[in-house]
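**Q** Please see the structure below; I have some questions.
The values are calculated or read from the model by the stated rules, or taken from the named source; none is laboratory data. For clarity, every value in this text was computed on a predicted model and none was experimentally measured. Here Cβ is always computed from backbone atoms with ideal geometry, including for glycine, and neighbour counts include all displayed protein chains.
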Amino acid sequence: MSKRRAVLLLRERFRSSFFAHHRDRRTSIHRPRAVDSPHCSSAATYSSSRSRASPRPAMEAALAHNGLWSSGASEKNKAMVEQLQRYGVIKSAKVAEVMEAIDRGLFVPPGASPYFDSPMAIGYNATISAPHMHAACLELLEDHLQPGMRALDVGSGTGYLTACFALMVGPEGRAVGVEHIPELVASSTENIKKSAADPQLKDGSLSIHIADGREGWPELAPYDCIHVGAAAPQIPEALIEQLKPGGRMVIPVGTVFQELKVVDKKLDGTVSVRDETSVRYVPLTSKDAQLHSN
Ligand code: SAH
């Protein structure tokens with residue numbers, strides 16, 4: 001079979017799994033890809049990354065935590081990250097290091113395939129995002145996740161991305177997750193405890209709170225970085241207010257058709273918004289609406 005034909009067949013296969021996943025998956029326009037599918041080459045278009053080669057000491061400690069490098073799971077997680085690098089979704093060395101340090105397998109419910117590039121159900125009509133979406137958001141936010149900075153993760157779900165944020169901002173920064181399903185806050189806390197971000201949960205530089213994320217988390221505002229993991233009908237005013245001048249928010253906006261928006265607040269306080277890509281996220285809504293959306 002020719003290489004071109006193989007690529008087309010793989011694309012078709014992933015297209016089917018993409019649509020078969022309906023109900024509680026979050027999808028972007030990028031096709032889900034398995035880490036072991038070297039022929040699938042559809043390109044993602046993220047462009048705002050910077051490469052920073054040397055890990056900080058806190059990062060090195062995190063990598064060593066729990067012997068992450070010695071388990072089979074760690075190898076598969078590493079292979080997933082390398083695949084995302086090959087496809088150009090991950091360009092930054094720092095993003096790659098963080099995604100290697102935080103083993104996605106610890107955040108995905110038992111029975112699921114944690115290293116497959118697809119969103120997965122986590123209960124309560126919610127999903128963990130596909131690895132390429134996590135990677136893309138980390139790339140977009142990297143400059144606003146520098147050591148000592150403050151990051152807010154609205155709709156923190158499994159806690160995966162909040163844990164990545166914590167490693168990026170380090171113990172001298174703050175990573176705050178807000179999630180309105182108490183059971184997910186409890187399970188995400190347990191997930192994080194098993195991960196390389198556990199020391200930051202203990203030292204208080206990482207915390208997850210039960211709250212309506214549409215109101216943000218004013219106690220620790222302003223934030224250098226805000227990520228919203230669920231699609232809002234419009235950008236919530238409270239989140240714009242809680243963004244620091246010079247800060248960036250990444251938020252999916254829309255209902256049937258959604259765009260991932262990049263919101264930059266300039267130092268003079270003016271705000272610019274641009275569309276990054278078309279996406280499909282679960283809604284940012286009330287707890288009741290989410291739980292009864294079947
Ligand atoms: N980034 C998470 C995404 C989880 S899915 C992950 O990859 O694990 C989106 C999450 O947003 C769900 O957990 C859902 O419960 C939560 N959510 C939806 N509306 C919310 C709201 N108003 N306040 C807080 N969390 C909300």
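**Q** Restricting the search to region 235-264, which residues are in contact (Cβ under 8 Å) with a residue 60 or more places away in the chain, within 14 Å of the ligand (Cβ to nearest atom) and touching a helix residue (DSSP H, G or I) at 6+ places or on another chain (Cβ under 6 Å)?
**A** Val250
**Q** State all residues of region 176-193 that are out of contact with any Pro (no Cβ under 9 Å at 6 or more places or on another chain), assigned to a helix (DSSP H, G or I) and surrounded by 14 or more Cβ atoms within 10 Å (Cβ to Cβ); if no residue qualifies, say none.
**A** Leu184, Val185, Ser188, Thr189, Asn191, Ile192, listed by residue number.
**Q** If Val256 satisfies every condition in (1) modelled with pLDDT under 95; (2) buried (at least 23 other Cβ atoms within 10 Å of the Cβ) but one, which is the exception?
**A** (2)
**Q** So how many residues does region 118-172 have that are aromatic (Phe, Trp, Tyr) and crowded, with 22+ Cβ neighbours inside 10 Å?
**A** Selection size over region 118-172: 2.
**Q** Ok, one more. Just to be sure I understand, how many residues within region 159-171 are more than 12 Å from the ligand (Cβ to nearest atom) and in contact with a Leu (Cβ under 8 Å, 6 or more places away or on another chain)?
**A** Selection size over region 159-171: 3.
**Q** Go through (1) in a loop (DSSP other than H, G, I, E, B); (2) of a type in the set (A, V, I, L, M, F, W, C); (3) within 15 Å of the ligand (Cβ to nearest atom) and name the single condition Ala196 misses.
**A** Exception for Ala196: condition (3).
**Q** Can you name the residue in region 196-207 that is touching a residue at least 40 places away in the same chain (Cβ under 8 Å) and surrounded by fewer than 24 Cβ atoms within 10 Å (Cβ to Cβ) and is also farthest from Lys287 (Cα to Cα) among such residues?
**A** Taking the candidates together, the pick is Pro199.
**Q** Something else about it: Do any residues in region 123-151 that are more than 19 Å from Lys261 (Cα to Cα) have Cβ atoms under 6 Å from those of residues that are in a helix (DSSP H, G or I) and near the ligand (Cβ under 9 Å from one of its atoms), where the two are at least six apart or on different chains, and which pairs are they?
**A** Every condition considered, the pairs that remain are Asn125/Gln290.
**Q** Pick out the one residue from Asp275, Asp288, Asp268 that is on the phi < 0 side of the Ramachandran plot, within 11 Å of the ligand (Cβ to nearest atom) and surrounded by fewer than 16 Cβ atoms within 10 Å (Cβ to Cβ).
**A** Sole residue among the options that is on the phi < 0 side of the Ramachandran plot, within 11 Å of the ligand (Cβ to nearest atom) and surrounded by fewer than 16 Cβ atoms within 10 Å (Cβ to Cβ): Asp288.
**Q** Condition (residue is part of a helix (DSSP H, G or I), basic (Lys, Arg) and within 10 Å of the ligand (Cβ to nearest atom)) applied to region 211-234: is it met by at least one residue?
**A** yes
**Q** Within 16 Å of the ligand (Cβ to nearest atom), within 24 Å of Trp217 (Cα to Cα) and surrounded by fewer than 24 Cβ atoms within 10 Å (Cβ to Cβ): does that describe Tyr115?
**A** For Tyr115, the condition - within 16 Å of the ligand (Cβ to nearest atom), within 24 Å of Trp217 (Cα to Cα) and surrounded by fewer than 24 Cβ atoms within 10 Å (Cβ to Cβ) - is not met.
**Q** Another question, then. Which residues, taken from region 123-158, are near the ligand (Cβ under 7 Å from one of its atoms), part of a loop (DSSP other than H, G, I, E, B) and under 26 Å from Gln83 (Cα atoms)?
**A** Ser129, Ser156, Gly157, Thr158 - these are the residues of region 123-158 that are near the ligand (Cβ under 7 Å from one of its atoms), part of a loop (DSSP other than H, G, I, E, B) and under 26 Å from Gln83 (Cα atoms).
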